[in-house]
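Reading through the structure tokens given below for one structure.
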Amino acid sequence: MTSEQTPPKGWRPTGFQIAASLASLALAVILLGLLLPKAAGAGWGDAWDVLTGLSAWDIVVMTGLWALGLWLYTFVYTASLPGLGHAQALNLNLTGSLVSNLLPFGGAAGVANTYGLTFSWGFGGVATSLMILVSGLANLLIRIVLPMVGLLALMTSDAQLPEGANGVVESTLLVLVLVAILVFLMLVSSTVAGWLGALADIVWRWFARLLRRPPPAPRFKAAAQRMQLDAVGILRTGWYRIAFGMVAYYASELALFAWALNSLGAPIGIAETTAAFALSRVLTSVVVTPSGVGISEAGTAGLLVLFGTPPAVAAAAVLILHFYTYLIEIPAGLVGWGWVLAMRKRWSRSEVSA
């Protein structure tokens, strides 16, 4: 193994990070316990009464949609790392979700997990780094597109929004469209990547001047151009599979959420469902708690009630989405680790590929 392929040093949490993680988990429990009933206007007992009305068939369908979504997301990884199998990609997803769902700032641990698994399967440092870069950019783009989809759905729905909200929705949608176009152009054009990087350097120098710090050396322009150059090769051949994996994954989660709302008797259409789902996925990016737990559920339940969903039904539907997009991924991640250990010999390679 060459130095270029040497695995990076594993991530080790500091005492402060461990304490922050425990505090964040405690905050997540408190927020979920207090904010969700308040936002929905229904107690936990009311939500439980609604949940008991689900049939066995409802549970089978929603579990199937969850499992299908996990498999569909493997296309993102297999397209980003040529030679990676779908079973291996599934394990990257499961074990990575386990880390991110337990830690509020689990990004570093997730990257270490990815390197550890891919190196154990014989992939090199360059190939793994490119996969992390490309899949990360794809996730960034979908996080911009999701609110656009939600806002478009909101504009086409029959929901009665507060006075003046339509103007805010339209202006927000316009900003998101422009940001999405810029990110897309950055991925396909080195020139645009350089422009955006140079703009970031200017903003960074402005902040340094504002804080009365020495002006930093320009670095974002070169980094943005290097990132675009590294990613363009994979995107040129695998962009359609990456796009399919991303869109299909979130479509399966939306279908799960829509099935839950319909089974619980929510009197809202697909437009309102899509808007609430988009909000829930965006709020999971809040890093105060792991996967935005508590904040995401409260915000989504509040929007469902605004759309006319009965409070107990809104709380129950949000809890179902929380279970399938957060809680179930923790034991699934542990199963994934067991699977990795059991299949290590079969997946090991005799030759390392960069």
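Some observations on this one:
- Accessible area in square angstrom per residue, the stretch 187-286, 1.4 angstrom probe: 56
- Cβ-defined net charge surrounding Ser80, 15 Å radius [Lys, Arg +1; Asp, Glu -1]: +1
- Judged by the mean number of other Cβ atoms found within 10 Å, the most tightly packed of the peptides 58-71, 265-278 leads the ranking 265-278, 58-71.
- Sum of side-chain charges, Arg281 neighbourhood, beta-carbon under 15 Å (Lys, Arg +1; Asp, Glu -1): -2
- Take 309-315, 91-97 and order them by the average number of nearby Cβ atoms within 10 Å per residue, most first; the result is 309-315, 91-97.
The values are calculated or read from the model by the stated rules, or taken from the named source; none is laboratory data. Quantities reported herein were computed from a predicted structural model and do not represent experimental measurements. Don't worry about glycine lacking a Cβ; one is built from the backbone with ideal geometry, like all the others, and counts go over all protein chains shown. Quick note on the areas: whole protein, heavy atoms, side chains included, nothing else; ligands and nucleic acids left out. Shrake-Rupley method; radii C 1.70, N 1.55, O 1.52, S 1.80 Å.
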